[in-house]
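*Asks:* My questions will all concern the structure given below.
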Amino acid sequence: MAKLQLKDLNKTYSPKVVPVKDISLDVSEGEFLTLLGPSGCGKSTTLRLIAGLEQPTRGEIRIGDRNVTDLRPGDRDIAMVFQSYALYPHMTVYENMASSLKLRSKISSGEINRLVTEVAASLGLTELIDRKPGKLSGGQRQRVALGRALVRQPEVFLLDEPLSNLDALLREKVRAELKQLFSSQKAPVVYVTHDQTEAMTLSTKVAVLNSGTVQQLDPPHLIYTRPANQFVAGFVGSPQMNLLVLKCQGNFAMLGDFGVPLPNMPTLPPEIVLGIRPEHVGFEDAEAGKIAAPEAIKGEVYLVENLGMQNLVSVRVKGVESVTVRALLPNDRHWNSEIVELVFPPQLLHWFDVKTGDRLQ
Ligand code: ADP
Ligand code: MG
């Protein structure tokens, strides 16, 4: 199996509409790369460029040692699965799956039969093989669309939001099926989604996109634990990371009267962005008479949102009413007073440049 390479890929529709800005990426054999980003950031355009459904303004697309940039879609040996499934309504499941193979002259009908039967069985479609798409549920249709891609045994798989039309329960189920299915595939996969859970669970690598540029390219755990900039920090993680703009004073970032020790830096900026995930915020009752931890930040609970397994607790920091810190607590956790103490563990803090948004530490 061959590696997929994008080299300085650019798509410019007009000076103001540049959905893909010089993207370079490699996806090797056995890798599952997800393009993750908000709506309109250029994910589908990037995928359509790889598939050959759009021509790039600049740049190169290679599969192994082949430069496919100027090849027609049918000559690239790529299979693509769309959000809309794009099945032929008048054909049965079998015919839909076989349709992509019949375009090839070299393949015998016996071989087509073997491939379709095998892939249908692996997707649990055997009993539905003679049905037409109109008689299938959304999840079943999506499996047929996947099956049609899989029987082709292409050099590269492309999937554009394939789970978006499924309801939440089914999405979880098919997501797990996808993970199993692709873990045994060798061909590189490029998967597009705006859903961070899909990106985190399915991928070996995630490219976070914003406005047509790659913000960070890393395995999922690093995207979460070491976001490269404020955009990634804010986009990945739910509930969202607390991001606080704080003044620097001496070696501290000031939150009202409370100082959060800054990491070692060559020069101290006047302001800095502090990031802490809600699940990392330490939370203590401020009981009368109890001596507060020296690093604790006093605040007042003003909102509790029940998320099921956890509560998301919003706290106003004392003396700076405009600053809210959100803490995620197990739902059996109780407290006696609305006045609480927050602790920010230094090793779990993220620091970003106020102007560029880049990670500082
Ligand atoms: P995503 O899939 O991340 O939601 P798209 O790649 O579909 O985003 O679109 C990125 C941007 O490119 C959007 O602003 C969209 O309006 C624009 N765009 C996409 N296709 C075209 C086109 N054919 N002509 C002009 N603008 C387009
Ligand atoms: Mg899209």
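*Asks:* For the chain, what does -39500 (n - 2.57) per DSSP helix run (n ≥ 4), summed and divided by total residues, give at 222 nm, in deg cm²/dmol to the nearest 500?
*Replies:* On the way: 8 runs with 82 residues, N = 361.
Counting only the DSSP helices, I get -6500 deg cm²/dmol.
*Asks:* Related question: Once you place label points 7 Å from the Cα toward the Cβ at Glu29 and Phe252, how far apart are they in nm?
*Replies:* If labels sit at Glu29 and Phe252, their model points lie 5.8 nm apart.
*Asks:* Looking only at GluC sites (Glu not before Pro) in DSSP loops with at most 15 other Cβ atoms within 10 Å, what is the longest site-free stretch of the chain?
*Replies:* Working: sites that count: Glu29, Glu287, Glu338.
Result for the longest clean stretch: 30-286.
*Asks:* Positive end of the dipole of the chain, charges at C-beta (+1 Lys, Arg; -1 Asp, Glu), about the Cα centre: which of Phe182, Gln153, Thr34 has its Cα farthest in that direction?
*Replies:* Among Phe182, Gln153, Thr34, the one farthest towards the positive end of the dipole of the chain is Gln153.
*Asks:* Another question about this same structure. What does the charge count around Asp26 come to, taking other residues whose C-beta lies under 12 Å from its C-beta (Lys +1, Arg +1, Asp -1, Glu -1)?
*Replies:* On the way: positive: Lys3, Lys7, Arg62, Lys205; negative: Glu29, Glu31.
The answer is +2.
*Asks:* Also, quick follow-up: For Lys298, list the aspartates and glutamates whose Cα falls under 13 Å from its own Cα; do not include residues on the same chain fewer than 8 positions away.
*Replies:* Once the sequence-local aspartates and glutamates are set aside, what remains near Lys298 is Asp257, Glu284, Asp285, Glu287, Glu321, Glu338, Glu341.
*Asks:* What pairs in Lys43/Lys205; Lys7/Lys186; Lys43/Lys132; Lys16/Lys205 have C-alpha atoms more than 26 Å from each other? If you can, show how the numbers build up before the last one.
*Replies:* On the way: Lys43/Lys205 15 Å; Lys7/Lys186 22 Å; Lys43/Lys132 31 Å; Lys16/Lys205 30 Å.
In this structure, Lys43/Lys132; Lys16/Lys205 lie more than 26 Å apart at Cα.
*Asks:* Chymotrypsin sites (Phe, Trp or Tyr not before Pro) within region 44-136: which are DSSP loop residues with at most 12 other Cβ atoms inside 10 Å?
*Replies:* Answer by residue number: there is no such site.
*Asks:* Taking the Cα-to-Cβ direction at Asn264 and at Leu71 and moving 7 Å from each Cα, how far apart do the two end points lie in nm?
*Replies:* Modelled inter-label distance: 5.2 nm.
*Asks:* In whole Hz, with x marking every Gly and Pro, tabulate ³J(HN,Hα) for region 6-17 from phi via Karplus 6.51 cos²θ - 1.76 cosθ + 1.60, θ = phi - 60°.
*Replies:* 10, 10, 6, 6, 9, 10, 10, 8, 7, x, 9, 10
*Asks:* Tell me the trypsin sites (Lys or Arg not before Pro) within region 67-139 that lie in a loop according to DSSP and have at most 12 other beta-carbon atoms within 10 Å. Mind showing how you got there, number by number?
*Replies:* Values: sites: Arg76, Lys102, Arg104, Lys106, Arg114, Arg131, Lys135; in loops: Arg76, Arg104, Lys106, Arg131.
Passing both the DSSP loop test and the Cβ count: Arg104, Lys106.
*Asks:* How about region 1-53: which trypsin sites (Lys or Arg not before Pro) there are in a DSSP loop, with at most 13 other Cβ atoms within 10 Å of their Cβ? Could the numbers behind the result be given before it?
*Replies:* Numbers: sites: Lys3, Lys7, Lys11, Lys16, Lys21, Lys43, Arg48; in loops: Lys3, Lys16.
Counting only loop positions with at most 13 other Cβ atoms within 10 Å, the trypsin sites (Lys or Arg not before Pro) in region 1-53 are Lys16.
*Asks:* Counting only C-alpha contacts under 8 Å and six or more residues apart, can you give the relative contact order of region 242-352 as a whole percent? Can you show the working numbers first?
*Replies:* Values: 223 pairs, mean separation 35.1, N = 111.
Relative contact order, region 242-352: 32 percent.
*Asks:* Further question on the same structure: Can you give me the distance in nm between label points at Thr126 and Met91, each placed 7 Å from the Cα along the Cα-to-Cβ direction?
*Replies:* 2.3 nm
*Asks:* Between His334 and Lys102, what is 0.36 nm times their sequence separation minus the Cα-Cα distance? Round to one decimal in nm. Show your work: numbers first, answer last.
*Replies:* Values: separation 232, 0.36 × 232 = 83.52 nm, distance 6.40 nm.
Here the segment from His334 to Lys102 would lengthen by 77.1 nm.
*Asks:* Further, regarding this structure: Shape verdict for region 242-352, please, from the Cα gyration tensor: rounded (a/c under 1.5), prolate (a/b greater than b/c) or oblate.
*Replies:* Details: a/c = 2.07, a/b = 1.61, b/c = 1.29.
Prolate.
*Asks:* Continuing with this model, one more query. Over all distinct alpha-carbon pairs, what is the Kirkwood Rh of the chain in angstrom? Could the numbers behind the result be given before it?
*Replies:* Values: mean 1/r = 0.0430 Å⁻¹.
Hydrodynamic radius (Kirkwood, Cα only) of the chain equals 23.2 Å.
*Asks:* Taking R0 as 45 Å, what FRET efficiency do you get between Lys186 and Asn306 from their Cβ-Cβ distance, rounded to the nearest 0.05?
*Replies:* Values: r = 45 Å, r/R0 = 1.00.
Taking R0 as 45 Å, the efficiency between Lys186 and Asn306 is 0.50.
Bear in mind that the values in this text are calculations on the coordinates, not laboratory data. Note that this is a predicted model, so its numbers are computed, not measured. Backbone-built Cβ (ideal geometry, glycine too); neighbour counts: all protein chains shown.
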